[in-house]
Amino acid sequence: MIDSSFSKLAIIHGTNSFGEEFASRLKESAVKFNIATFVEATPLGTSDFHTTISRSLKHHPDAVFIHQGEAEVLSFLRQLREAGASMPVYSTYNVESEAFVQAGSVAEGLLYAYPINSSLNAPEKRAFDQRFVERYGPKALPSASSYYVYDGVLLLDRAFSSCIDLSPNC
């Protein structure tokens, strides 16, 4: 946002704790840079964003940030462009997928942040990538979510393994 040329940002997010927290922190950051915000929560799994888009456009945003699932972001982009809006749209790494490449002009210009993998050449990562391709085929590539979920399961496994018993206190 430091280098942004916008002064009004619409923040559209899912109605789960991650989406709520993400929108809250993004709004806090925007305020620090004197960027006015319009924030609207949308149900997870929704495919109709017409009302949300209409409300957002009444605030004349210079840019839109959407945090939703892959299919939802694609629906939002299609409906936003159908409404004639051409402002920049920002999202998160969940849009790093073949579906967005296939979406063509609908996804053109979409900007998103993607985490840097500091373990890019680690043997553990290469082994995971190999197992992933063996399981899902040569065209399948792990995404940031794949790594997050794998790491999360390993952490849970380690936590459960350290429990002597499976009592509620463990």
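The values are calculated or read from the model by the stated rules, or taken from the named source; none is laboratory data. Please read these numbers as outputs of a predicted model, since none were measured by experiment. Note: ideal-geometry Cβ built from the backbone for every residue, glycine included; neighbour counts use all protein chains shown. Quick note on the areas: whole protein, heavy atoms, side chains included, nothing else; ligands and nucleic acids left out. Shrake-Rupley method; radii C 1.70, N 1.55, O 1.52, S 1.80 Å.
A few remarks follow.
- Per residue, in Å², the accessible surface of the chain once ligands and nucleic acids are set aside, probe 1.4 Å: 65
- F33 contributes about 90 Å² of solvent-accessible surface, heavy atoms of the protein only, 1.4 Å probe.
- Given a 1.4 Å probe and the protein chains as shown, V149 ends up with an accessible area of around 90 Å².
- Computing P(r) over Cα pairs in 10 Å bins from 0, in percent for the structure here picks out one of (i) 9, 30, 29, 20, 10, 2, 0; (ii) 9, 28, 22, 14, 8, 7, 6, 4, 3, 1; (iii) 9, 35, 30, 14, 7, 4, 1, namely (i).
- Sites S162 and S5 - FRET efficiency at Förster radius 35 Å, r taken between beta-carbons, to 0.05: 0.10
- GNM flexibility winner over the chain from A127, A36, A83 (Cα, springs under 10 Å): A127
- In segment 8-165, a dipole from Cβ-located charges (positive for Lys and Arg, negative for Asp and Glu) runs towards its positive end, and of F22, A63, S97 it is A63 whose Cα lies farthest in that direction.
- Secondary-structure-derived ellipticity at 222 nm for the chain, considering helices only, amounts to -13500 deg cm²/dmol, per-run term -39500 (n - 2.57) for DSSP H runs with n ≥ 4.
- Calculated FRET efficiency for the pair S24/E134, C-beta based, R₀ 25 Å, to 0.05: 0.05
- Figure note: V153, V64 ranked by solvent-accessible area, largest first, 1.4 Å probe, ligands and nucleic acids not counted: V153, V64.
- Exposure rank, largest accessible area first [V106, V31, V95, V39; 1.4 Å]: V31, V39, V106, V95
- Here the dipole of the chain is about 240 debye; that uses its Cα centre as origin and unit charges on the Cβ of Lys and Arg (positive) and Asp and Glu (negative).
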